[in-house]
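Notes for the one structure printed next.
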């Protein structure tokens with residue numbers, strides 16, 4: 001315990017949500033390292049963006065919002081988004097002196113003495129008055145399970161491992177998932193692959209016309225209601241529908257985006273449906289999304305019976321010292337900026353110290 005370092009706030013994660021929170025902490029008088037520390041699991045700046053596939057150029061990025069206090073300007077739309085945004089985050093960290101520690105794995109957050117939290121990591125332990133959890137979802141890709149999956153003789157991979165379209169040249173590829181990643185993968189892979197098949201649990205919803213502020217607020221409200229109820233959050237994108245742009249229209253015309261319902265089983269050679277339909281495949285690409293990376297919060301017992309953490313604004317209802325940014329309604333880039341500011345405002349209202357235990361859920 002002698003090696004435990006004391007700060008006011010620990011920020012876990014240095015993606016959009018973590019950097020936004022760190023910016024607002026510094027702007028309101030908290031000093032990096034003395035008053036707060038930012039711990040990041042990734043090897044370098046850029047959050048999850050640094051791991052995006054090379055063919056996802058900046059011009060293809062949907063809804064990237066600048067961090068507070070510094071605009072992202074003059075970015076080359078033809079450059080990989082991983083390079084553009086990693087470079088921008090790096091400049092941001094240095095400009096505001098945020099002094100992110102990396103790579104640091106946060107292993108557990110526990111109850112400490114005097115009403116403080118103990119944050120146990122690969123780089124030691126911190127004692128904090130409050131925690132801003134901004135760990136995102138990239139480290140927890142969701143892999144559905146289907147009968148026969150272990151018998152498949154081809155390759156299975158997730159969006160998190162997607163290497164770009166050239167690797168699928170001459171192969172028969174089944175893409176699973178109705179989100180933006182699934183459609184992007186299909187449109188990229190189709191010119192290279194021998195054949196592509198699109199499979200989704202539900203029919204995809206395409207959105208025509210601009211996505212205005214009112215529609216955005218309505219989408220965020222749907223996600224917010226889930227986290228208020230303690231249910232696992234859905235992404236904001238999942239309730240907005242897929243933009244019907246020129247590339248998607250062409251994919252529909254060409255038949256690349258002809259969707260099949262979800263298969264019933266996986267065979268050694270492909271996938272099958274109960275109606276005896278069969279598709280041969282060399283690759284199954286699971287574009288099935290991600291789950292919140294919050295296992296390190298398990299010792300605090302914040303999860304509700306519904307499986308999620310009940311959140312009001314950014315604050316965990318079961319423990320007001322814990323704020324979740326980039327979780328549920330704040331998962332969008334603009335949402336993360338606003339949530340970072342709100343979390344810091346609430347943290348400033350916490351008592352400086354307390355000997356009382358936090359209220360039980």
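Since every read-out is calculated from the coordinates, none of them should be taken as a lab result. Owing to the predicted nature of the structure, the values given are computational and were not obtained by experimental measurement. We place every Cβ from the backbone using ideal geometry, glycine too, and count neighbours over all the protein chains shown.
When the chain is modelled as a GNM with alpha-carbon springs shorter than 10 Å, which of 122, 81, 21 fluctuates the most?
Of 122, 81, 21, the Gaussian network model singles out 122 as fluctuating most.
Compute the acute angle (0 to 90°) between the alpha-carbon long axis of helix 16-27 and the principal axis of greatest extent of the alpha-carbon atoms of the chain; round to the nearest 10°.
In the chain, helix 16-27 runs at an angle near 20 degrees to the longest axis.
Average the reciprocal distances over every distinct pair of alpha-carbons in the chain, invert the result, and give the Kirkwood radius in Å.
Details: mean 1/r = 0.0459 Å⁻¹.
For the chain, inverting the mean 1/r across all distinct Cα pairs yields 21.8 Å.
Calculate the translational D of the stretch 4-144 in whole µm² s⁻¹ from Stokes-Einstein, where the hydrodynamic radius comes from the Kirkwood formula applied to all Cα pairs, the temperature is 25 °C and the viscosity 0.890 mPa s. Please list the in-between numbers first.
Working: Rh = 15.8 Å.
Value of D from the Cα-based Kirkwood radius: 155 µm²/s.
On full extension of the chain, what length is gained from residue 269 through residue 65, given 0.36 nm per residue of separation minus the C-alpha to C-alpha distance?
Numbers: separation 204, 0.36 × 204 = 73.44 nm, distance 4.29 nm.
Extra length from residue 269 to residue 65 when fully extended: 69.1 nm.
Using mean Cβ contacts within 10 Å as the protection proxy, how do 147-160, 42-55 order, highest first?
Descending packing order for the listed peptides: 42-55, 147-160.
Remind me, relative contact order of the stretch 1-73 in percent, using alpha carbon pairs under 8 angstrom and six or more residues apart?
Values: 54 pairs, mean separation 25.8, N = 73.
Computed value for the stretch 1-73: 35 percent relative contact order.
Evaluate the relative contact order of the chain (contact order divided by residue number), counting alpha-carbon pairs under 8 angstrom at least 6 apart; express in whole percent. All intermediate terms of the calculation are to be shown ahead of the outcome.
On the way: 752 pairs, mean separation 81.5, N = 361.
For the chain, the relative contact order is 23 percent.
Send over the semi-axes of the stretch 49-118's equivalent ellipsoid, whole angstrom and largest first, taken as the square roots of 5 times the C-alpha gyration tensor eigenvalues. Display every interim value, and only then the final one.
Numbers: eigenvalues 207, 47, 24 Å².
Rounded to whole Å, the semi-axes are 32, 15, 11.
Nearest 10 degrees is fine. How inclined is helix 180-189 to the longest principal axis of the chain, computing both from alpha carbons?
40
Exposure proxy check: 31, 120, 93 ranked by fewest other beta carbons within 10 Å?
Details: 31 13, 120 17, 93 21.
Arranged by neighbour count, lowest to highest, 31, 120, 93 become 31, 120, 93.
Starting from the Cα-Cα distance between residue 76 and residue 3, subtract it from 0.36 nm times their residue separation and give me the gain in nm to one decimal. Present the calculation step by step, with values, prior to reporting the outcome.
On the way: separation 73, 0.36 × 73 = 26.28 nm, distance 4.59 nm.
Here the answer is 21.7 nm.
For the pair residue 348/residue 229, report the inter-label distance in nm, with labels modelled 7 Å from Cα in the Cβ direction.
Modelled inter-label distance: 3.5 nm.
Return the calculated 222 nm mean residue ellipticity for the chain, to the nearest 500 deg cm²/dmol, obtained by summing -39500 (n - 2.57) across DSSP H runs with n ≥ 4 and dividing by the residue count. Could you put the intermediate results ahead of the total?
Working: 6 runs with 78 residues, N = 361.
Calculated mean residue ellipticity at 222 nm is -7000 deg cm²/dmol.
Report the antiparallel proportion of the DSSP beta bridges in the chain as a percent, rounded to a multiple of 5. Each step should come with its number before you reach the end.
On the way: 23 of 57 bridges.
Rounded to the nearest five, the antiparallel share is 40 percent.
Can you tell me the equivalent ellipsoid semi-axes for the stretch 1-50? Use √(5λ) from the Cα gyration tensor, largest first, whole Å. Kindly include the intermediate steps, with their values, before the conclusion.
Working: eigenvalues 83, 47, 8 Å².
Each semi-axis is the square root of five times an eigenvalue, giving 20, 15, 6 Å.
Would you mind checking the tilt of helix 333-348 against the longest principal axis of the Cα atoms of the chain, expressed as 0 to 90 degrees and rounded to 10?
Between helix and principal axis, roughly 20 degrees.
Between residue 113 and residue 95, 0.36 nm times their residue separation minus their Cα-Cα distance comes to what?
On the way: separation 18, 0.36 × 18 = 6.48 nm, distance 3.54 nm.
Extra length available between residue 113 and residue 95 comes to 2.9 nm.
Can you compute the modelled spin-label distance between residue 301 and residue 167, with each label point 7 Å from Cα toward Cβ, in nm?
Going from the residue 301 label point to the residue 167 one covers 4.3 nm.
Which distance in nm do the two modelled labels at residue 278 and residue 312 give, with both placed 7 Å along the Cα-to-Cβ direction?
Here the modelled spin labels are 5.8 nm apart.
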